[in-house]
Structure formats: structure tokens, C-alpha cells
Amino acid sequence: MPDTQTVTVIPGDGIGPECVDAAVRIIEATGAPLAWEERHAGERVFAQGIASGVPQETIDSINRTRVVLKGPLGTPVGHGEKSANVTLRKLFETFGNIRPVRELPGVTTPYAGRGIDLVVVRENVEDLYAGIEHMQTPDVAQCLKLISAKGSEKIVRLAFEYARSEGRTSVACATKSNIMKLTEGELKRTFERIAPEYPDIDSWHVIVDNCAHQLVKKPEQFDVIVTTNMNGDILSDLTSALVGGLGFAPSANLGNGIAIFEAVHGSAPKYAGRNVINPTAVILSSVMMLKYLGHFEAAEDVEHAVLVTLQEGRLTGDVVGYDRGIPTSDYAAAIIANLGRRAQGWQVRRASPIQFPQVSRDLVFRPATSKEVVGADIFVDTGLTAAELGPRLESVAAGSTLKLKMISNRGTKVYPDGNPNIDQVGHHRCRFVSRSGDPLDFVDALALARQVNQVAEVCHVERLLRIDGADGFTRAQGED
Ligand code: NAP
């Protein structure tokens with residue numbers, strides 16, 4: 001008799017409890033040796049005044065069980081609360097978000113018959129979702145897009161390992177590296193470095209906007225797509241629509257020995273408690289959980305039972321209209337009744353355990369062989385135009401080891417040789433570089449920033465680094 005694994009179950013908000021209840025009933029009917037520890041997060045927790053939306057007893061439970069099945073959590077808008085979903089993913093460093101979609105019988109879409117069966121592997125904790133935002137001026141907001149070498153390596157390896165575990169043959173890397181050469185480019189370069197370690201898998205890079213275009217035009221060309229957090233968020237909603245919508249899109253958030261399984265969709269509050277929604281996404285998330293826990297037979301049973309139920313034409317309102325759809329609870333009961341049956345003409349993917357990337361938990365600190373400060377971008381909050389500001393900054397810097405190279409406004413050079421087409425806002429990036437061309441002491445740049453502050457309010461300072469001989473910064477549009 002296998003050991004019973006306890007799973008933390010979070011019913012969630014809105015339609016969450018209906019979806020999770022259906023999944024739990026189905027898993028119990030398979031006889032898989034799982035026990036449930038119910039905990040809460042989301043709206044009811046925010047209402048108790050816990051701003052994270054995730055109480056300590058939930059964190060303690062997950063630290064014990066290391067496996068979570070959860071319903072969607074609503075994010076209150078406008079009260080300063082962070083998303084409890086993002087908090088959970090980040091608190092447990094579930095760095096990989098796996099979002100598979102496949103064509104399903106009886107679910108009519110414009111793509112029916114084309115055999116869509118693909119997975120978006122989304123980096124889950126970095127990128128713009130680091131959630132580091134600041135008002136730089138009363139008018140200009142900034143969100144930091146943080147992409148680390150370690151985070152990129154983990155997600156790329158996870159994508160290849162996931163592909164192998166399911167016998168998939170290609171991994172595409174989708175980035176916007178043509179524009180964001182350092183951040184999105186980090187994922188692309190990491191992908192190209194690691195891909196040769198997986199010679200059994202085809203690898204290719206695709207610019208993310210073309211990826212969206214190709215997904216709509218010819219989705220069957222994709223097998224696994226690995227991408228950054230924001231890209232993956234958007235692409236995976238798109239891919240769910242290819243197979244019938246969010247009601248059919250499951251996901252797994254995977255980390256170092258910890259996993260959270262949930263639908264891609266949210267709490268769809270307008271349908272809450274009406275027993276009409278489609279619980280398939282959470283049910284298929286629980287199939288991913290069964291596989292993760294090594295219960296491959298039970299996983300296959302549930303997946304086949306879902307396919308048989310759909311083949312029988314038992315469809316929820318999102319597919320056939322809410323006047324004709326069957327109730328959520330009837331749908332779950334039909335799946336239970338179909339356990340043990342095999343869908344005719346439809347396969348389920350045989351999976352083997354994933355070899356998780358071995359990642360050190362130690363802090364990564366990579367000292368460069370050479371790291372030189374070659375300048376500084378000093379950002380100012382001012383009502384002066386670039387034409388007014390430029391000469392003043394040149395005179396302020398006259399005695400400094402740095403000189404003004406250019407000023408840009410929202411990334412486009414506006415001084416010298418002002419560009420009349422640019423609508424300037426009161427947030428200028430003033431790029432100062434070493435006057436002699438030699439490396440600088442950053443303290444000189446800070447001293448200069450104090451002087452600049454006499455002319456225009458300094459709101460931010462960035463070093464311009466040359467790391468191991470390569471520029472660690474990009475040029476403004478129009479900067480030579
Ligand atoms: P949503 O809850 O995903 O709902 C958007 C629409 O998708 C629904 O109105 C409905 O479409 C359809 N839908 C979603 N799930 C469905 C299901 N199981 N069965 C049938 N139809 C389904 O997105 P939202 O309205 O943007 O977000 C609502 C709340 O959920 C927000 O507070 C958001 O922050 C949160 N959220 C949570 C998660 C998560 O927990 N992981 C993810 C996303 C959003 P129709 O209107 O066309 O019928």
C-alpha cells in the first residue's frame with residue numbers, strides 16, 4: 001500500500017470552490033492515496049486585514065505538504081493588496097509555470113481537427129512580476145523588469161526536462177530580445193547555450209510577437225514554448241482560447257520540491273455559486289498533480305474519463321451556451337461514472353517523472369573578471385525642456401571626470417540635436433560618460449548627481465557598467 005500524500009487544498013474565491021470540489025471528488029474516486037488539508041487564501045483573508053492574502057497557517061501547511069491544489073484567488077482592486085496568487089508563487093519560489101493545452105473532443109473551435117497539443121513554460125517569479133514599481137515623478141511610473149541568469153537557466157532546463165518527460169520533440173524560446181537585449185536577451189542567450197545539451201530535442205527561437213501570430217495561424221507547429229513571465233501570461237491565455245477557452249486550461253507551478261496546481265483562469269465572480277461553470281481546468285490541473293506525485297495510472301484514468309465525458313457531448317455552458325450547458329456537479333459526476341473507460345480515437349500523453357533542474361539554493365554572486373564604471377545615467381524630474389537642461393548640465397559637469405553625452409526622454413535622444421517630434425515629459429535621462437574614456441570611480445558620479453540636483457531634481461541614478469569587456473547598458477533610440 002503506497003504512503004498517503006497529504007495535499008494542501010485551497011478552495012479559493014468565486015467559482016474556485018465549485019471547481020476544486022469537482023476535482024477532489026474525482027481524485028477520491030480514483031482511489032489515489034491522497035489526503036487533504038484545507039487552508040485558505042485570497043479574498044476572505046484580505047477581508048481579515050491580512051494584506052498578503054496568505055495567512056501563516058496556509059504557509060505552514062504548504063511547507064509541510066509541499067503540494068497544493070488550489071482554486072483561483074480574487075485580487076481586490078485598488079486597496080494596495082498584492083495578488084495572493086503571485087504571493088504564493090513567489091513565497092515558495094515556484095519558478096516554472098507549466099501551461100499545457102490540447103484539442104478536446106466535442107469542443108468545437110476554429111482549430112478542431114488540427115491536433116493542437118502544446119505547452120507554454122512560463123518563468124514565474126521574475127520579470128515585471130517582481131512587482132518593483134516606483135513613481136519616478138508625479139507623472140512617470142516605472143516597473144523594473146528583472147531577469148537573472150540563474151532564473152533563466154532554471155526555466156530553460158525545466159522546459160527541456162518537461163519536454164523529455166512527455167516525449168515531446170521541440171522547444172521554442174519566445175522572447176522580445178530584439179528590443180530588450182539585456183533582459184529578454186538573457187533568456188535567449190541562456191536557451192542557446194543550454195539547448196545543445198538536449199540533442200534529442202529541436203530548439204528554435206521566435207520573437208514573441210511573431211509567436212503570437214504563429215500560434216493563431218499555425219498552432220500545431222508548436223510543442224513546448226519557453227518564455228518570460230509577462231510573455232507567458234499573455235501567450236497562455238491565447239493558447240487556452242485555441243482549444244475552447246479558459247475553462248480547459250490547467251497549470252502547474254513548479255519549484256524546488258514544491259508544486260502548486262491551479263487553473264489558468266481566475267475566480268470569474270459573476271458565475272460564483274451558480275453551478276454552471278466548467279471545472280475542467282482544475283480537474284486537468286489535478287491530473288498534472290497526480291503525475292507529479294507519480295500516480296500515472298490514476299492520472300491517465302481521469303484524463304480519459306474527461307475525454308469520454310466530452311465525447312458523450314456532456315458540455316458546460318461556456319461551450320454550448322449557459323441555457324444548454326449541464327451543471328458543474330453533473331459534469332463532475334459524469335467524469336466519475338466514466339472512470340475506467342478509454343476514449344476512442346483519442347490518446348493521452350504517457351509521462352515519466354520530470355528530472356528537475358538541480359539548482360543550488362545558495363545565493364548566486366558572480367564576480368566579474370572585470371567590472372568598470374564608464375558613466376552614469378542621472379534621471380531628473382524637472383519642468384525644463386531638454387534644450388534648456390542640456391547647457392546647464394554641461395556647465396555643472398565642467399569640472400567633473402564625467403561629461404554629458406546626451407539626454408533622452410522615455411528612451412529617445414532629445415539632446416543634443418533635439419528631436420522636434422518627441423513629446424517630452426518631465427522625466428529626463430541624462431547620460432554622463434567618462435570624460436577621458438578611462439574607467440571612473442562611481443563616487444564621482446554620485447558627486448556629480450549632487451550638483452545636478454541643484455539644477456533639476458534627481459530621481460534616480462544608474463551606473464553604466466562595462467562587464468568583462470561588454471557594455472552592460474543599452475543605447476537610447478537615436479544615440480550613436
Ligand atoms: P477570469 O476569472 O478568468 O474570468 C474571465 C472570463 O473567462 C469569465 O468571465 C468567463 O468568460 C471565462 N471563464 C473563466 N473561467 C471559466 C470557467 N471555469 N468556466 C467557464 N468560463 C470561465 O478573469 P477575470 O475576470 O479577469 O478575473 C477575476 C478575478 O480572478 C480577478 O480578481 C483576478 O485577479 C483573479 N485571477 C486569479 C487567477 C488565479 O487565481 N490564478 C488568475 C487570473 C485571474 P465569459 O465572461 O465569456 O463567460
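Residue order for 143, 19, fewest other beta carbons within 10 angstrom first, comes to 143, 19. Taking Cα atoms only, the orientation of helix 56-65 departs from the longest principal axis of the chain by about 60 degrees.
Placing pseudo-labels 7 Å out from each Cα toward the beta carbon at residue 352 and residue 234 gives an inter-label distance of 3.7 nm.
Each helix, a run of at least 4 DSSP H residues, gives -39500 (n - 2.57); summed and divided by the residues of the chain, these come to -10000 deg cm²/dmol at 222 nm.
Considering segment 156-233 at the alpha-carbon level, its Rg and Dmax are found to be 11.9, 33 Å.
Taking the charge dipole of the chain about its Cα centre, with +1 at Lys and Arg Cβ atoms and -1 at Asp and Glu Cβ atoms, the residue from 85, 276, 190 reaching farthest to the positive side is 190. Taking the number of Cβ atoms within 10 Å of each Cβ as an exposure proxy, the fewest-first ranking of 297, 93, 184 is 297, 93, 184.
No solvent, one uniform scatterer per C-alpha: report log10 I(q)/I(0) for segment 371-471 via the Debye equation at q = 0.14, 0.15, 0.18, 0.19 1/Å, two decimals. Debye intensities relative to I(0), on a log10 scale: -0.48, -0.54, -0.77, -0.86. Mind scanning 188/270; 145/403; 90/176; 181/270 and naming the pairs with a C-alpha gap bigger than 32 Å? Result: 188/270; 181/270 exceed 32 Å. Averaging Cα coordinates gives a centre for segment 379-450 and one for segment 263-293; these two points are 53 Å apart.
In this calculation the C-beta distance from residue 394 to residue 365 is compared with R0 = 25 Å, giving a FRET efficiency of 0.10.
As I understand it, the value is the acute angle between the Cα axis of helix 229-242 and the longest principal axis of the Cα atoms of the chain; what does it come to in degrees, rounded to 10? Compared with the principal axis, the helix lies near 40 degrees. Just need the relative contact order of segment 371-471 here, percent rounded to a whole number, with Cα pairs under 8 Å and 6+ apart. Once normalised by length, the contact order is 47 percent. Dimensions of segment 101-211 based on its C-alpha atoms, expressed as ranges along the principal axes with the largest first, amount to 53, 38, 22 Å. On the basis of the beta-carbon distance and an R0 of 60 Å, residue 323 and residue 135 show a calculated FRET efficiency of 0.80. Close amide H contacts of residue 371 (hydrogens built in the peptide plane, cut-off under 5 Å, sequence separation of 5 or more or a different chain): 468.
Relative to the longest principal axis of the Cα atoms of the chain, helix 280-292 runs at roughly 90 degrees. Residues in segment 188-195 carry Karplus couplings, in order, of 4, 5, 5, 4, 5, 6, 8, 3 Hz; the curve used is 6.51 cos²θ - 1.76 cosθ + 1.60 with θ = phi - 60°, and Gly or Pro positions show x. With θ taken as phi - 60° and the Karplus curve 6.51 cos²θ - 1.76 cosθ + 1.60 applied, the whole-hertz 3J(HN,Hα) list for segment 245-258 is x, 4, x, 10, 10, x, 7, 10, 9, 10, x, 7, x, 9 Hz, x standing for glycine and proline. Quick check: net charge around residue 138, other residues with Cβ under 12 Å of its Cβ, Lys/Arg +1 and Asp/Glu -1? Here the count lands on -3.
What ranking of 258, 155 emerges when the number of other C-beta atoms within 10 Å of each C-beta is taken as an exposure proxy, fewest first?
Starting with the residue having the fewest Cβ neighbours, the order is 258, 155.
Once Rg and the Kirkwood radius are both taken over the C-alpha atoms of the chain, their ratio Rg/Rh works out to 1.05. Straightening the chain between residue 204 and residue 142 buys 19.1 nm, computed as 0.36 nm per residue apart minus the Cα-Cα spacing.
Here, each number is a calculation from the coordinates, and none is a lab measurement. Everything numeric in this text was worked out from a predicted model, so none of it was measured. Please note: Cβ atoms are built from the backbone with ideal geometry, for glycine as well, and neighbour counts cover all protein chains shown.
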